[in-house]
């Protein structure tokens, strides 16, 4: 289990205040308040359908809430013009639950894609070095020429993370990083999330319902229940709670 570290006096990477989001009559996020501190791994724990992924989409501007404030690196993203939002997105890595690799591209081409998408100019050697470093970070330097179809589920997850690391993001958002993986591979991915934090001093929100992943990666946990930030604390604090709603996650 990861030793708890507290960041309350650190600079804030993401600040969310009174966030509300509904889909029709379904209230997904209700007056949600959340801070992510720089250098912190924050796990948002909740059941499937509890609004965890919607929260991430609000942060990167893919979903617009009805009300509230979302600040990323000091910028209120809800009021930004498109070109300003694109600048913020360059500083955010997003690891999709589905990995979102392009099947028609090699691993190398998948990793190069964010550079092309953002119009970043590097020479061939610089790109080669970036690809090798990113693949080495996930222990897969030999896969550059492979196609996604040749990779296992765990390898695809690692490649998706390597692609995220190409941009050296300040913040990484992990959407259910261990879903669909066997227990051994899930542990490997969780340890990889930890190593990325330690190497790059990144700030991360890990959206999950995998309690074993949370135990490994989280400095702090927020429990999302019925649209509310129901509880907050370290793994040991929440695991020892007498609250039935909290205890149900740790049993």
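List of remarks:
- The stretch 114-207 shape via C-alpha gyration tensor axes, a/c threshold 1.5: oblate
- For the stretch 222-251 versus the stretch 23-48, the gap between their alpha-carbon centres in whole angstrom: 13 Å
- The Cα atoms of the stretch 62-128 cover 43, 27, 16 Å along the three principal axes, with the biggest extent listed first.
- Degrees between helix 183-200 axis and first principal axis of the chain (Cα, 0 to 90, nearest 10): 80 degrees
- Fluctuation leader among 149, 204, 229 - the chain, Gaussian network, Cα springs under 10 angstrom: 149
- Calculated Rg and Dmax of the stretch 112-165 using C-alpha coordinates, Å: 11.3, 32
- Cα shape, the stretch 12-52, gyration tensor, a/c 1.5 rule: oblate
- Compactness index (Cα Rg / 2.2 N^0.38 Å), the stretch 152-200: 1.09
- Cα-only Debye scattering, the chain: base-10 log of I(q)/I(0) at q = 0.13, 0.15, 0.17 Å⁻¹: -0.82, -1.09, -1.36
- Taking only the C-alpha atoms of the stretch 1-89, the Rg (one decimal) and the largest Cα-Cα distance, Dmax (whole number), read 13.8, 42 Å.
- Structure-based [θ]222 nm, the chain - -39500 (n - 2.57) summed over DSSP H runs of at least 4, per residue, nearest 500: -10500 deg cm²/dmol
- Taking the C-alpha atoms only, the angle from helix 153-165 to the longest principal axis of the chain is near 90 degrees.
- Average Cα contact separation per residue, the chain, under 8 Å, 6 or more apart, as relative contact order %: 28 percent
Read-outs throughout are calculated quantities, based only on the coordinates presented, and are distinct from any laboratory measurement. Here the structure is a predicted model, which means the values were calculated and not measured.
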